[in-house]
1. Can you tell me the dipole magnitude for the range 57-101 around its Cα centre, using point charges on the Cβ only (Lys, Arg +1; Asp, Glu -1), in Debye to the nearest 20?
2. Quick one: net charge of ALA70's neighbours, Cβ under 9 Å, K/R +1, D/E -1?
3. Could you count how many Lys pairs in the chain have their Cα atoms under 25 Å apart, skipping same-chain pairs fewer than 8 positions apart?
4. Each residue of the range 145-152 in turn: what ³J(HN,Hα) in whole Hz from Karplus with 6.51, -1.76, 1.60 and θ = phi - 60°, glycine and Pro shown as x?
5. Placing unit charges on C-beta atoms (Lys and Arg positive, Asp and Glu negative, everything else neutral), compute the dipole magnitude of the range 63-180 about its Cα centre in debye, rounded to 20.
6. For the chain, what are Rg and Dmax over the alpha carbons, in angstrom?
7. With a ≥ b ≥ c the root eigenvalues of the C-alpha gyration tensor of the range 76-180, is it rounded (a/c under 1.5), prolate (a/b larger than b/c) or oblate?
8. How large is the helix-only mean residue ellipticity at 222 nm for the chain, computed as the sum of -39500 (n - 2.57) over DSSP H runs with n ≥ 4, divided by its residue count, in deg cm²/dmol to the nearest 500?
Amino acid sequence: MHNEDKRGETGGIHPLQAQLDPGLLDWRYYTIAWYGSRKFADIIATRIAGGGYNAGKEYWIVDKSMLTNANELVVANGGDKSWTDPVPMASAGMQEFVANCAATWTQVTTDLTTGILYKHATQDYYVRIVLAGTAPTTTISALRWYQKDSTAPAPSFDPSGTYTEVSALGSGTIWYADSK
């Protein structure tokens, strides 16, 4: 996967504005699972370069066979890691993309209308996931994070927690940044 990132900087994968907190060590490990048990994404959020990975990037590994819409998802923080710890690896048929860990948050004026929107159980966080294609070649075509705040949020945050499907963003000032 890290070899794809190097190719991507010259043409294949284009980093977008994103915002997952890379932690305090070399990298932070996140997973996303439907209902907390059907994992569909591993994310390596890097703070320090190492092992062929660049600093300040989100490396996403998505299991396309697990991409089916559900009304609940869980984002789990697997902890801060060192480059001596095992790093999740992509296998054939996985979707991979790279984004920046630090975001320039943009205030929502007009939002996406596709995909499914999920709200965090206890925080004013949301995530929208848009799937494209049909199994077994389904992919994530857009993944957008949101935070409600009166001013622009910090460049990164830890989105860990349980999210349930909602029909719309809440009221107030909401900001977004895209991972895909």
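The numbers here are math on the coordinates, done by the rules we state, and not lab data. What you are looking at is a predicted structure, and each value in this text was computed from that prediction instead of being measured. When we count neighbours, we look across all protein chains shown, and the Cβ atoms used for this are built from the backbone with ideal geometry, even at glycine.
1. Details: 3 positive and 6 negative charges, 20 e Å.
Dipole size: approximately 100 debye.
2. Numbers: positive: ARG38; negative: GLU72, GLU165.
Neighbourhood net charge equals -1.
3. Count of close lysine pairs: 19.
4. Those phi angles translate into 9, 9, 9, 8, 6, 6, 10, 4 Hz.
5. Details: 7 positive and 11 negative charges, 42 e Å.
Its charge dipole is roughly 200 debye.
6. When restricted to Cα atoms, the chain yields Rg and Dmax of 15.4, 44 Å.
7. Details: a/c = 1.90, a/b = 1.27, b/c = 1.50.
In terms of gyration-tensor shape, oblate.
8. Details: 1 runs with 7 residues, N = 180.
Using -39500 (n - 2.57) per qualifying helix, the result is -1000 deg cm²/dmol.
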